[in-house]
Structures are given as C-alpha cells and as structure tokens.
Amino acid sequence: MTEVYKVGITIALANQVSRGLFAIRGDLVKTDAQAKKLNATLKEIKLLGIGGAILGGAGYAGLHALGKTLEAAKEYQQAFAQFKSLNLGDAINSQADKFARGSSVIGASATDLMRTTRDLATVLGDFGMAQQLAPGFSQLKFANQAVYGGHGMDFSENQLRALEKIIEMKGGFKSPQDFLGQASMMQQVIAGTGGMVKPADYLAFIKTAGVAGRLLDNKSFYYGMEPLIQELGGNRTGTGLMSAYNNLAQGRSTVRASTELMKLGLLDPSMVEYTKIGTIKQVRPGALKDNAGFGANPYQWMQETLLPAMRSKGITSEQSVLQEMGVIFGNRTASSLFSLMFLQQEKIAKNMKLSQNAMGTDDLVKLARTSPQGAEMALGKAWENLKIASGEALIPIIIPAMNKLAEAIRIMGQWVYRHPRMFDTLIYGFAGLSGALLFSGSVLTLKAAFLGINLLMPTLATTITASVLPALGLLGGALAVLAGIAYHKEIAAKIDDAAPGIGDWLYRMNNPGGRKDLDAYYDLPPAKSNKSTIVVPVNLDGRTIATVVSDHQAKSASGPLASGSGFDGRLHPGWGF
C-alpha cells in the first residue's frame, strides 16, 4: 500500500511538473518569437533611418551646392551691374564681361577681375588701359594675401582702391608700364615695412601734401617718405612738407626767415625785392637755391644743399642746426619734419635701402604661386569661377520665379489692407492654433514619458497613471471652465455677431417671462428719460436708522428688458454679474 501510494504521488507530481514545464516552454517560444519580431522591427527602423538620413543629406547637399552657385553668380552679376552703371555702352559692357569670364588669372576670380576693371576704368577714364592693368592689380592682392596671410597685412579691397587713387594723383596713368611700376614700388614699401605703412597712409599723405607731394619723384615719394610716414603718419607728414614748400619754394616765408636764407646763400638775389631801407620786401617763387631739387627730393636737398650751407657758416652742432631750421622754416610743422629728417638720416637711409631691395609685384606673385597658401587660394578662385558659370544657368529660372512670388506677396498685402478685420481673425486663429499645437505637443511629450516609464517600470507607471492622469483631466476641465467664465463676455459677443438666432434662443431659454417678440426690439421707442429714485432703508433692531438712494439703479431699471438681438450674459442671474 505504501509503495502504491508513493507511485501515485510520483505520477501526480510528474504530471503537474510536466504541465508547468510545457507552459514555460510555450512562454519561452512565444517570447523568442516576439524578440525576433522586435529585432526585425528595430533593424527595419535602423535601415529606414540610415536610408532617410543618406537621401536627406544628399538632397540637402545638392540644394546647398545650388544655393552656393547661385550666390556666386549673383555676386558676379552685381559687380557687372556696377560696371554697366558707368554707361560706357553695350559694346564695352560685352567686352568687359568676356574679359572677366575668359581671363585666366591665377588667384583672381571673374568677380575680382570685374571689380578691378570697374575701379581702374573710373580712375583712368580709359577702359582699354583698365583692361590691361586689371590682371596685374588682381594678382597684387592675391600675392599679398597668399604670402602675408589671410588678410594680406590688411591689404583689402580698400587698400587696392587707395593704391589706384595714389597712382592716379601721381600721374601714373600715362602708360600701363608706369602704372604697374608705381604699384610694384608700393608693394616693396609694404614688404619692407612689414605692413606698417600701407597705401591708405600714402593716400592721406598726398592729399594733405598737395602740390608738394605731386612734385616728388617716384623714388622720393615711395622710398624717401616711407620712414617719415611711419614715424609721423600720412597727414602730419603731408602737412609739414606742404608748409616747407610754401615757405621756401613759393617765397611765402617771414622777413626773418628770408633774411636768414639770404645769409646762408640759399636765395637767388635777383629774385628778391628789398624795401628802401634795405630790408627784404618779398621773395619771388623759385628763388630758392636748387628749387627743382627741393621739389623732387626734399631729403636729398637737405643733405646736399641745406646742411653744407649751414656748415659754411659755422653751424655744425646738432643743437645749432635744429635752431637754424626753426628759423628758416618759419612754423613748427615744417621745422618738425626737416628736424626729423636731420636726426634720423641713418635710419631713413636704411629704411630706403630695405624697401628698394624688397620684392616687387612680379617676384611676390612668383613666390605666392609656389606657396601652399597660394595654391589653396588659386584653387578656391578656380572653384568660384566654376560656381559662377553654374549659377548663371539658374538665374534665368530664379528671376521669373522670384518676380512671380513678389507679385503674389504684393497682392496678399493689398488684400490684407482691404480686409483688415478678416486678417485679424486669421491672425487670432493662427495664434490660437499655435497655442493649441504647443499644448498638444506638451501632452504628447508627457504621454511619451509615461509610456517610457511603463516600459521600464510597469508597477510605478500604473501608480503614476492612476494618480496623475485623472488629476490632469480635472485640471484641464477646470481650466476650460475658468476660461469660459473669464471670457464669457467675449464668447457671448462672438456668438451674437456670428449667429444672432442662437443668441435670441438662449435669451428666451433664460428669460421665459421676458418680452416675447424680440424682433420688434429695434422698433421700440427710446427709453424714458424720467429719472426715478430708489430708496433703500437701513434697519437696526427693527427700526429704520437711514436710507440709501441709488441713481444708477434707477437708470438700470428704466432701460429695456432685452439686450439686443442676442442674449446678454452679464444679466444672467446665475453668474452674479
């Protein structure tokens, strides 16, 4: 009996365990299938995401490239339009376009050539010469930027324009060789000073120096004035030189200065007029000894004419020379300039030698071509030319489309001007839609957060959902009710404007004993103007101790019972307004 019982118990346990194992096996198989399905879904999502990113990136890159080509073409067309504004004629415009597009200038794009050609044409007044000089000037800018850095020692478009103006004022427009020669000398100055003296400084100098600056020979102007401009600046150097030229070369010095010049033997006696008592009356222009040399190279004139004349009179010490210069030049600007020349003769000589030995335009361009920066810039300009050519094909398509879009926007603006109230309604609707979308987005984000919590911690998610979501529902309902109460006047007015019939029906529902014929409201005679007084007694312990008279209650009571063609929510007894 005992053995049989044991066998029965064993069989019963085996049956129960087997069923449990089969159930577990079924769950495992089901879980495995779900895992495989999830894995396949995730893989599909991954592939779709990668494919979408690749296609989207390719599309964005293509549109971005088209946009860049269009920008390059627009920039060239703007430069070409500026050239056309010179009104030189269709034939020259066509030549300029072909020249800018067809020229192969290393380091210069078609846009650069067009701008340089335009500027040179305005300076020289000769398109043919401008066309010859444009490649060299464009390469001047390229060489500076390639050798000296991204900004070429600040050799920007403004510096290039200043150089063109300087050469024009110095008479360099007589021939392309003279023009390019002066440009090369300016380049040597830039290289010799390490960019401390630039064309803009020389432009300030020649503007203030006037005739004295234009009379300087090219070597004196570029090499001789460079140390002085570096020391004093372009404006002060030009002012000092012009003062010295007026006093000495033009004979406008004081009587004392003229007398001192005569003592030094620096004036031609035949060009000096005297008074009856023997004093100098005036000095004619050109009476200065070696007047031409003074105008062409004041520094050399000081060394070869002025200082030897002083030494012949025993003026040899530094202090006595400076004092004598103060006398003969008459004012502090001129004496300051020549005093600086005298004191810094060695430095001026070294600076002049350094500038003369520095690389000119041609040598600097050769150096730029062999540098990595120059090769990179040349590649960039070639790429820009390709973008210009590609963008030109888009312009005939883009311009009509933009004109049509502008016309559509103009029509829309006129419609808004004619229908301001309707546009206000659209704006309010758009604002409301935006607010609704913002609220909906917040709700969806919150829902996504709850789903994530449910996926990670089901028990916690159930607790939060059971407690938070009803509260959110109640909060939303309360906000809706509060909004209706807060804006009941506006809601009532909108309903009354949009559907007067609904307002009348709501009034009848809330005022069953009121006027029956609301349609006759507009034919009612005006309210009586007789003024009644409402007296409210104030009682205390059964005795009247005061009375309150209210005029506004009388006005309200004497008005019509209806509120127009729709109901008046402010008079609703349940809202207490």
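Mind ordering 215-226, 407-418 by average Cβ neighbours within 10 Å, highest first?
Answer by packing, highest mean first, reads 215-226, 407-418.
How much of M422 can a 1.4 Å solvent probe reach, expressed as accessible area in Å² and rounded to 10?
100
Using a simple charge model, +1 on the beta-carbon of Lys and Arg, -1 on the beta-carbon of Asp and Glu, nothing else, what dipole does segment 222-320 show about its Cα centre, in debye to the nearest 20?
On the way: 10 positive and 8 negative charges, 99 e Å.
Rounded to the nearest 20 debye, it is 480 debye.
Kindly identify segment 67-181 as rounded, prolate or oblate by the Cα gyration tensor criterion: order the square roots of the eigenvalues as a ≥ b ≥ c, call it rounded if a/c is under 1.5, otherwise compare a/b with b/c, prolate if a/b is larger, else oblate.
Oblate is the answer for segment 67-181, as a/c is 1.5 or above yet b/c matches or exceeds a/b.
Within the set of other residues whose C-beta is less than 13 Å from the C-beta of K170, count the net charge using Lys and Arg as +1 and Asp and Glu as -1.
Value of the local net charge: +1.
Put a dot 7 Å past each Cα toward the Cβ at W383 and S85; how far apart are the dots in nm?
Those two pseudo-labels are separated by 3.1 nm.
Quick one: grab the alpha carbon gyration tensor of segment 136-234, order the square roots of its eigenvalues as a ≥ b ≥ c, and give me rounded if a/c is under 1.5, else prolate or oblate depending on whether a/b is larger than b/c.
oblate
Kindly state, to the nearest 0.05, the FRET efficiency for N235 paired with I427, given R0 = 35 Å and r defined as their beta-carbon distance. It would help to have the intermediate numbers written out before the result.
Numbers: r = 57 Å, r/R0 = 1.64.
Here the calculated transfer efficiency is 0.05.
Work through the residues other than V327 whose Cβ is under 11 Å from its Cβ and net out their charges, Lys, Arg +1 and Asp, Glu -1.
0
Would you mind working out the magnitude of the charge dipole of segment 74-167 relative to its Cα centre, with +1 at each Lys and Arg C-beta and -1 at each Asp and Glu C-beta, to the nearest 20 Debye?
Its charge dipole is roughly 100 debye.
Count the net charge of all other residues whose Cβ sits under 13 Å from the Cβ of A212, scoring Lys and Arg as +1 and Asp and Glu as -1.
Charge balance in the 13 Å sphere: +3.
Output the peptides 72-80, 160-168, 140-148 sorted from most to least packed, where packing is the average of other Cβ atoms within 10 Å over each peptide's residues.
Going by the mean number of other Cβ atoms within 10 Å, highest first, we get 140-148, 160-168, 72-80.
Please compute the modelled spin-label separation between R418 and N539, points set 7 Å along Cα→Cβ, answer in nm with one decimal.
It works out to 6.9 nm between the two label points.
For K353 and N93 in one chain, what is 0.36 nm times their gap in residues minus the Cα-Cα distance, to one decimal in nm?
Computed gain between K353 and N93 is 89.2 nm.
To the nearest 0.05, how large is the calculated FRET efficiency for Q373 and V211 if R₀ is 41 Å and r is the Cβ-Cβ distance?
0.45
Of the options F173, L215, P285, report the single residue whose Cα projects farthest towards the positive end of the charge dipole of segment 155-369 (beta-carbon charges: Lys, Arg +1; Asp, Glu -1).
P285
P(r) of segment 155-369 in 5 Å steps, Cα pairs, percent per bin?
In whole percents, the pair-distance histogram is 1, 7, 15, 19, 18, 14, 10, 7, 5, 3, 1, 1, 0, 0, 0.
For D362 and A408 in the same chain, what is the full-extension length gain: residue separation times 0.36 nm, less their Cα-Cα distance, in nm? Spell out each step's value before the answer.
Details: separation 46, 0.36 × 46 = 16.56 nm, distance 5.47 nm.
The D362-A408 span can extend by a further 11.1 nm.
The values are calculated or read from the model by the stated rules, or taken from the named source; none is laboratory data. Everything numeric here is computed off the predicted structure, so don't read it as measured data. Heads up, the Cβs are rebuilt from the backbone with ideal geometry, glycines too, and the neighbour counts pull from every protein chain shown. With ligands, DNA and RNA removed, areas are computed over all heavy atoms of the protein, side chains included. Shrake-Rupley method; radii C 1.70, N 1.55, O 1.52, S 1.80 Å.
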